[in-house]
Amino acid sequence: MSLSEQASGHPRLHQLPQTHQLKALMTIIRDRATKRGDFVFYSDRVIRLLVEEGLNYLPVVAKEVTTPMEVPFQGVAFEGRICGVSIMRAGESMEQGLRDVCTSVRIGKVLIQRDERTAQPKLYYSKLPRDISDRWVLLLDPMLATGGSASKCVEVLLEAGVREERILFINLICAPEGALAMLNKFSKMQIVTAEIDEGIDDRKFILPGLGDFGDRYFGTE
Ligand code: PRP
Ligand code: URA
């Protein structure tokens, strides 16, 4: 079985439904000819879909309300409180998508950068909500290549007292080796992604991928 098949069958790796709409959006952002304005616009659309899907994995409890017809309705409400944590810089592109669906959501930031020569992640800074250990965490980073950056961020979250089963990594494109490495290292966290790619190259870039997400989104190519 190929790594991509192993990854797509993993019970804690959730792929967005592979609809025509999603495939068309992903084709635009993967196209090297796409200009920055469109890259940002269509990436934001996929990010919105990812955040909406991520919320489906949060637990709910029974909640009864009364409708304007004065009839009780047996519904549900989210069980716990959430926060976002973005891996700077590319992960910051996903913060607005989270804010659009969760009003006043708290967002922590962790600055982890890959060394451009070795691709090894380095932690420079983190600032997390004070009560993060009581929350569900939506970890935000569009690219998962070797998994080194996201793994380092998970370690930061665990050190801050977050329960691993409450970490949901919201990701746009993953390489199967990176996703599987993370899921093997951390046995309870979950990943929600739009597409699982073929692999990574010698420079640890995802193939077919979309190039350097941060550079394309923020215009620093
Ligand atoms: C990119 C990306 C991830 C990381 C993925 O960040 O946003 O954080 O690489 O690669 P990995 O899975 O092999 O760790 P980068 O360090 O290039 O910084 P940027 O966000 O400033 O582009
Ligand atoms: N970071 C990116 O932006 N793109 C990749 O392909 C890998 C890491």
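The values are calculated or read from the model by the stated rules, or taken from the named source; none is laboratory data. Keep in mind that this is a model prediction, so the values were computed, not measured. Virtual Cβ from ideal backbone geometry, glycine too; neighbours counted across all protein chains shown. All accessible areas refer to the heavy atoms of the entire protein, side chains included, with ligands and DNA or RNA removed. Shrake-Rupley method; radii C 1.70, N 1.55, O 1.52, S 1.80 Å.
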So Ala175 clears everything in (1) over 13 Å from the mean Cα position of the chain (by Cα); (2) surrounded by fewer than 24 Cβ atoms within 10 Å (Cβ to Cβ) except one condition, right? Which one?
(2)
Just to be sure before I move on: is Glu195 open to solvent by 10 Å² or more (accessible area, probe 1.4 Å), under 13 Å from Ser4 (Cα atoms) and of a type in the set (Asp, Glu) in the structure I sent?
yes
What strands (runs of 3 or more DSSP E) completely inside the range 1-98 contain at least 2 residues that are open to solvent by 60 Å² or more (accessible area, probe 1.4 Å) and modelled with pLDDT of 95 or more?
60-66, 72-78
Which one is farthest from ligand 1 (Cβ to nearest atom) among residues in the range 198-221 that are assigned to a strand (DSSP E or B) and open to solvent by 30 Å² or more (accessible area, probe 1.4 Å)?
Leu207
Taking interchain pairs and intrachain pairs at least six residues apart, which have beta carbon atoms under 6 angstrom, with the first residue in the range 172-201 and within 23 Å of Val40 (Cα to Cα) and the second modelled with pLDDT under 95 and open to solvent by less than 30 Å² (accessible area, probe 1.4 Å)?
none
So for the range 100-112 (the condition being within 16 Å of ligand 2 (Cβ to nearest atom), of a type outside the set (Ser, Thr, Tyr) and outside any strand (DSSP E or B)), does at least one residue qualify?
no
